[in-house]
Amino acid sequence: MPSPRPPAVLPAEGFNEIASCRHGPMLFNKNDQYVGASLRKYGEFSPDESQMFRQIVRPGMTVVEAGANIGAHTIELSRLVEPGGAVVAIEPQRLVFQTLCANVALNSRPNVLALQIAVGAEDGTILVPVLPPGQFGNFGGVSLTNVQQGESVSLRRLDTIGLAHCHVIKLDVEGMEVEALRGAEALIARHRPTIYAENDREERTMEMLSLLWSWNYKVFVHTPPLYSPANFAGDPENLWPGIVSLNILCLPAERAVVVKGLEELTPE
């Protein structure tokens, strides 16, 4: 009889690792400061955001995830929309996008459409910085504003990517949230999706809030911590004490939804 084959392992000299995580096997950059480090240590990333998704995402929905990174939330979202739903996962960084596609494949997620594009207020191209994958860094925190050197990537409005349905838009685009919203104005007017967006650029907060209020959306503050004591690995050590994400949950005002435990932001 032939000898059993040893289990496959990733090259030790490479920059990628793989771990068994809450939502399935996940490939990640071993040098990543937040997402990779969290998947390695806790087997999940920002689990309080996952709790939010479980409240707003339902089977059959189409979710647009702009700034999907390596898919730490994509895999769960793709399961939440089953049966009949889909996730459009958008990531502009080439190497990060490749890892996103790997994780979609590893978890056999046929309802995920991954696009290597950036989203903004106009159609065109944009330069995307390339971080050395073998060096320590925050690969999920790459801004595309005022970039002078990088790889040219297609820049698209969400209005022009051909979405027949849209129930939820998740935005984590490192300071380009306003541009992404402006490029989705027709889509938002037509479908009135729930919007869950990062809001960590203080200088642009009022611009984004004013835009959402003008579209008759209610806006609520959501500040999930990166660490959860109930993490998948049961690890009691908090790598990021006091660090939270600064996000907003935005709901069409005409929707009769009661949001408990979140502060509503209103125009003065």
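Looking for something among the β-branched types (Val, Ile, Thr) and closer than 30 Å to Val257 by Cβ - is there at least one such residue anywhere in the range 107-126? Yes, the range 107-126 has at least one match.
Among the residues making up the range 204-241, a single one is in contact with a strand residue (DSSP E or B) (Cβ under 8 Å, 6 or more places away or on another chain) and exposed (fewer than 13 other Cβ atoms within 10 Å of the Cβ): Asn216. Checked against (1) surrounded by fewer than 17 Cβ atoms within 10 Å (Cβ to Cβ); (2) small (Gly, Ala, Ser); (3) under 25 Å from Ser46 (Cβ atoms), Ala180 passes all but a single condition, namely (1). One residue alone among Val173, Val153, Val147, Val112 is of a type in the set (A, V, I, L, M, F, W, C), loosely packed, with under 15 Cβ neighbours inside 10 Å and either at positive phi or touching a strand residue (DSSP E or B) at 6+ places or on another chain (Cβ under 6 Å) (or both), and that residue is Val147.
Within the range 76-133, count every residue that is modelled with pLDDT under 95 and more than 26 Å from Gly183 (Cα to Cα). Residues in the range 76-133 being modelled with pLDDT under 95 and more than 26 Å from Gly183 (Cα to Cα): 3 in total. What are the pairs, 6+ residues apart or on separate chains, where a residue within the range 71-83 that is surrounded by 22 or more Cβ atoms within 10 Å (Cβ to Cβ) has its Cβ under 6 Å from a residue that is in a loop (DSSP other than H, G, I, E, B) and among the aromatic types (Phe, Trp, Tyr)? If the second residue must be in a loop (DSSP other than H, G, I, E, B) and among the aromatic types (Phe, Trp, Tyr), the pairs left are Ala72/Phe45. Which one is nearest to the chain's Cα centre (by Cα), of the residues in the range 208-262 that are part of a loop (DSSP other than H, G, I, E, B) and hydroxyl-bearing (Ser, Thr, Tyr)? That would be Ser245. Residue count for the range 36-47 satisfying the condition of being more than 20 Å from Val87 (Cα to Cα) and touching a residue at least 60 places away in the same chain (Cβ under 8 Å): 6. Scanning the range 158-208 for residues that are free of Cβ contacts under 8 Å to residues at least 60 places away in the same chain, among the basic types (Lys, Arg) and more than 15 Å from Ser245 (Cα to Cα) gives Arg190, Arg204.
The values are calculated or read from the model by the stated rules, or taken from the named source; none is laboratory data. Model, not experiment: these values are computed from the prediction. Positions of Cβ are generated from backbone atoms using ideal geometry, with glycine treated the same way; all protein chains shown enter the neighbour counts.
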